[in-house]
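So the structure is just underneath, and the comments pick up after that.
The numbers here are math on the coordinates, done by the rules we state, and not lab data. Since this is a predicted model, take the numbers as computed values, not measurements. No Cβ is skipped: glycine too gets one built from the backbone with ideal geometry, and neighbour counts run over all protein chains shown.
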């Protein structure tokens, strides 16, 4: 194994000889120089893994040497060593891009710790991550064979998501495939769990044995804040947001907000026309169709046409709950970057609005666009890359700028959630149906639908699932796990075309177990 190369720059290097011998005995190759000029020459001639740099040297000082080293090779980590404990000097050094800071006198164990942290930290943390994951792997495997309740399923999913993000950083330990197989097994058991319990949740949604479901979320997490007259409430629904995507977005928000998280289950089908209408209406789809038929447009599969009345449904919920807003409800749907920029530029005009509801459609557009775009498939070939794409979008988005502005408003309460997630669909399921059957890939409704029951649940009576009837002879099918529906006509063509695309509408942890976030400014 190659010995890591360390350069130690100090005009009193002979006094540090014992430290250098100690590092050599620990497997490091250590070169020494006594001034800045020689340090620059060494950096030009040899590639070092780490530099220890004295701050106070005769001639060229440490800070100037640091600046010139970075001009030669900006990637070499530099640890500054000094006798001074002045905070301004620390700030200046940190601003000069050092990775650590030690105050003289230093002892050998301090130096070794810094070397290990910087040069072997990822390898060591990877070894511990592998050990911890294998322990969790066994615990999760054991748990999957037990009779889990809905809250225990949330905990299982949280563990899997956190390990997904952790193993993104430790790809070298080679556990991504094992994690993927465990996700697959977990979704298999989760689908059985949902199929067994879903109807009982619907019949008694207030039971402690039932999870929070889409229709109850706005009432539970948004409306109570409206009773505080001094608050301006901003309710963001980010369409098609998975928990793992939220966690990488949250990294940009932890310094701005006090953040509380809870979780809920999306209703079936986990698709925008059903889940988001229920979220805003506080009703199940069958109830919306019954009480507000003019607001339930269901003649076709066009999701945008079926979500035309979200503002009206939210307004009706507020009125049913006898909440009087101090001014009109504001509703914004961000469907393209220009709408997002306009909202960002005018966000201050909403700071006294009692309730502002905002739907953000970008992630849903990525999910759908990836199905038709070879470039997006290349950019986001798997879940890890999909998270990275989400993070890149968010870091440069108007949405992040909107959150930054809101973080400066002391009277703002921000609630963020989603209507459903998405799953990477990898297995095709052959489905039969008539010409009028819907075209969705993870759920369908129509006459004479047939599909293998291992791949989907068959809903003969829509009212059992609190879904619109759409006609006496209409049935629903909802895909389980990572299956997607393909008709026999041109079967192999469409099997290939839709394989490995992110879809929603079915039963999986990724689609159903969703975050609900409450944020308030730290300032």
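Assign one of three labels to segment 122-203, namely rounded, prolate or oblate, based on the Cα gyration tensor with a ≥ b ≥ c the square roots of its eigenvalues; rounded applies when a/c is under 1.5, prolate when it is not and a/b is larger than b/c, and oblate otherwise.
Prolate, since a/c reaches 1.5 and a/b exceeds b/c.
Within 10 Å, count the other beta carbons around each residue, average over each peptide in 141-148, 484-491, and list them highest first.
484-491, 141-148
For the residue pair residue 464 and residue 135, what label-to-label distance in nm results when each label sits 7 Å from Cα along the Cα-to-beta-carbon direction?
About 4.5 nm separates the two model spin labels.
At 222 nm, what helix-only mean residue ellipticity would the chain give, in deg cm²/dmol to the nearest 500, using -39500 (n - 2.57) for each DSSP H run of four or more?
Helices in the chain give a 222 nm mean residue ellipticity of -13500 deg cm²/dmol.
Report the FRET efficiency, 1/(1 + (r/R0)^6), for residue 75 and residue 373, where r is their Cβ-Cβ distance and R0 is 30 Å, rounded to 0.05.
About 0.35, to the nearest 0.05.
Cα axis of helix 150-169 to longest principal axis of the chain: angle in degrees, 0 to 90, nearest 10?
On a 0 to 90 degree scale, this one is about 40.
Contact order normalised by length for the chain, with contacts defined as Cα pairs under 8 Å and 6 or more residues apart; what percent is it? Display every interim value, and only then the final one.
Values: 871 pairs, mean separation 84.7, N = 523.
Taking the mean separation of contacting Cα pairs over the length of the chain, I get 16 percent.
As I understand it, the value is the acute angle between the Cα axis of helix 383-395 and the longest principal axis of the Cα atoms of the chain; what does it come to in degrees, rounded to 10?
Roughly 80 degrees, rounded to the nearest 10.
Which order results if 240, 115 are arranged by neighbouring Cβ count within 10 Å, fewest first?
The order, fewest Cβ neighbours first, is 115, 240.
By per-residue mean of other Cβ atoms within 10 Å, what is the highest-first order of 357-363, 394-400?
In descending order of packing, they fall as 357-363, 394-400.
Figure the gain on full extension for residue 450 and residue 229 (residue separation times 0.36 nm, minus the Cα-Cα span) and round it to one decimal in nm.
Values: separation 221, 0.36 × 221 = 79.56 nm, distance 5.34 nm.
So the extension gain works out to 74.2 nm.
Could you tell me the center-to-center distance, by alpha carbons, between segment 324-362 and segment 242-263 in angstrom?
So the separation of the two Cα centres works out to 20 Å.
With a 10 Å Cβ neighbour count serving as the proxy for reagent exposure, in which order, fewest first, do 171, 442 appear?
Numbers: 171 11, 442 27.
Least crowded to most crowded, the residues run 171, 442.
State the antiparallel share, in %, of DSSP beta bridges confined to segment 427-499, rounding to the nearest 5.
Values: 10 of 14 bridges.
Roughly 70 percent of the beta bridges in segment 427-499 run antiparallel, per DSSP.
Pull up the DSSP beta bridges for the chain and report the antiparallel fraction as a percent, rounded to 5.
40
Between residue 169 and residue 322, what is the label-point separation in nm under the 7 Å Cα-to-beta-carbon projection?
5.1
Express in whole angstrom the spacing between the alpha-carbon centres of segment 423-466 and segment 164-211.
Centre-to-centre distance over Cα atoms comes out at 21 Å.
Could you give the distance between the Cα centres of segment 467-508 and segment 3-81, to the whole Å?
Distance between centres, Cα-based: 62 Å.
At q = 0.23 Å⁻¹, what base-10 log of I(q)/I(0) does the Debye formula yield for segment 427-499 when every alpha carbon is treated as an equal point scatterer in vacuo?
These q points yield log10 I(q)/I(0) values of -1.00.
Rounded if a/c is under 1.5, else prolate if a/b beats b/c, else oblate: with a ≥ b ≥ c from the C-alpha gyration tensor eigenvalues square-rooted, which is segment 5-119?
Cα axes put segment 5-119 in the rounded bin.
Ranked highest first by average number of other Cβ atoms within 10 Å, how do 151-163, 18-30 line up?
So the peptides 151-163, 18-30, ranked by packing, come out 151-163, 18-30.
With angles folded into 0 to 90 degrees, how steeply does helix 121-144 sit against the dominant principal axis of the chain? Use alpha carbons for both and round to 10.
In the chain, helix 121-144 runs at an angle near 30 degrees to the longest axis.
If each residue of separation counts as 0.36 nm, what is the full-extension length gain between residue 495 and residue 181 once their alpha-carbon separation is subtracted?
Stretched fully, the residue 495-residue 181 segment lengthens by 110.9 nm.
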